[in-house]
Amino acid sequence: FWTLPLLVALVFLRQLRAGAVGRFNRTVDELLVPLFNELALWHFAVISVLAGVGEELLFRGILQRLLTGWLGEIWAIALASIVFGVAHLVTPLYGVLAGLVSIYLGWLLVRYENLAVPMVTHAVYDFVALAYLARPRKYEGLRTKDESADLQ
């Protein structure tokens, strides 16, 4: 349930092929997708659980809670999200997107007062995102030049 807004955003953003998001999608297709294409779903599950639990323990369980004691909830979410975005700075746009996701995950912690909520949300999102990105490429526009040549 909590993962749905993130997944809707992922599917929407993956449709864009122009501008900064289009360039980002091409980078994902060229560099990241090939890393995951040969993995099985259980690999995605392990990666997702480790990232969901580990990152949420660090960024929400420790950093956000520590900052909340010093600065209050809003500033704690903001600063923890900036650090989260910087930690995910594969590209500048990815860092910004990760920071926005982090704001949402930080809000979930505050709203539900339970670290398991952002942990599960993060892990489920990562699992679905990895499976979605690594699915067989069905559309010509998503194929690399080498794959397109193989079809002819």
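Identify, by number, the condition in (1) farther than 16 Å from A123 by Cβ; (2) open to solvent by less than 40 Å² (accessible area, probe 1.4 Å) that S102 doesn't meet.
Of (1) farther than 16 Å from A123 by Cβ; (2) open to solvent by less than 40 Å² (accessible area, probe 1.4 Å), only one is false for S102: (1).
Please return the ranges of helices (runs of 4 or more DSSP H) entirely within the range 1-99 where 1 or more residues are closer than 29 Å to R135 by Cβ and open to solvent by 50 Å² or more (accessible area, probe 1.4 Å). Walk me through how you get there before you give the answer.
Working: elements: 4-15, 19-27, 33-36, 41-56, 65-71, 73-87.
Result: 4-15, 19-27, 33-36, 41-56, 73-87.
Here is a check on your reading of the model: is E73 modelled with pLDDT of 90 or more, under 14 Å from the mean Cα position of the chain (by Cα) and of a type outside the set (S, T, Y)?
On the way: modelled with pLDDT of 90 or more: yes; under 14 Å from the mean Cα position of the chain (by Cα): no; of a type outside the set (S, T, Y): yes.
When the stated conditions are applied, E73 does not pass them.
So which pairs qualify, if the first residue must be in the range 1-27 and among the hydroxyl-bearing types (S, T, Y), the second must be part of a helix (DSSP H, G or I) and open to solvent by less than 40 Å² (accessible area, probe 1.4 Å), the Cβ gap must be under 8 Å, and the two must be at least 6 apart or on different chains?
T3/T121
The values are calculated or read from the model by the stated rules, or taken from the named source; none is laboratory data. Not measured: the values here are computed from a predicted model. FYI the Cβ positions are ideal-geometry reconstructions off the backbone, even for glycines, and counts take in every protein chain you see. What goes into the accessible areas is simple: the full protein's heavy atoms, side chains included, and nothing from ligands, DNA or RNA. Shrake-Rupley method; radii C 1.70, N 1.55, O 1.52, S 1.80 Å.
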